[in-house]
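Chemist: Before we start, here is the structure in question, set down as structure tokens.
Each reported figure results from applying straightforward, stated rules to the coordinates on display, with no laboratory input. Everything numeric here is computed off the predicted structure, so don't read it as measured data. As a convention, Cβ positions derive from the backbone with ideal geometry for all residues, glycine included, and neighbour counts pool all protein chains shown.
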């Protein structure tokens, strides 16, 4: 239960140590249990994104990834992999759970980011370009956290940004055109 809540690395070490001694779980079972518990914690944060104020959703999404997902990966590496980064891990049967876990949350993140940026670019007005730039800055900060773990998301994100910028300018031009039509009609 404690592994499913916000934890520090020292708390994780204590809990995992206790589980290994008390339950006799194998190393693989302990890794899987750790990832399942961290999923419960992370999923609870994702579930609450929709209730946040619309302008804060991208910030909240990036914070979940930076604070909870990256921390969980870092804790996993510290607990079970001697602190070695993912690049240096030998891909083995025992580590496939981590790779699947990371891939799952990256897919969730990228889809949610795409949806949120699409929403933002469609509802944007002429003066809201700063909001879009702020969103890009938040995403860049999130990527910095993943870069430290040697997880490259550059290719995925470039495509999302490209579509978002195109959607923004399309919506902006439609708004300008509609404003122009309204002004002409009022004469």
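Chemist: Using Cβ contacts closer than 10 Å as the measure, can you line up 68, 163 from fewest to most? Please list the in-between numbers first.
Modeler: Values: 68 19, 163 14.
Going from sparsest to densest Cβ surroundings: 163, 68.
Chemist: Assuming R0 = 22 Å, can you tell me the calculated FRET efficiency for the pair residue 18 and residue 48, based on Cβ-Cβ distance, to the nearest 0.05? Walk me through the intermediate numbers first.
Modeler: Working: r = 29 Å, r/R0 = 1.33.
So, using R0 = 22 Å, E works out to roughly 0.15.
Chemist: Let's test the formula: R0 of 25 Å, r as the Cβ-Cβ distance of residue 178 and residue 133. What FRET efficiency results, to the nearest 0.05? Walk me through the numbers before you get to the answer.
Modeler: Working: r = 24 Å, r/R0 = 0.95.
Once rounded, the FRET efficiency stands at 0.60.
Chemist: Now, a different point. Taking the Cβ of each residue in 41, 142, 12 as the centre, tally the other Cβ atoms inside 10 Å and list the residues starting with the fewest. Mind showing how you got there, number by number?
Modeler: Working: 41 18, 142 25, 12 21.
So the ranking, lowest neighbour count to highest, is 41, 12, 142.
Chemist: What order do you get for 43, 179 when you list them from fewest to most C-beta neighbours inside 10 Å? Provide the component values of the computation, followed by the final result.
Modeler: On the way: 43 15, 179 11.
Placing the least packed residue first, the sequence is 179, 43.
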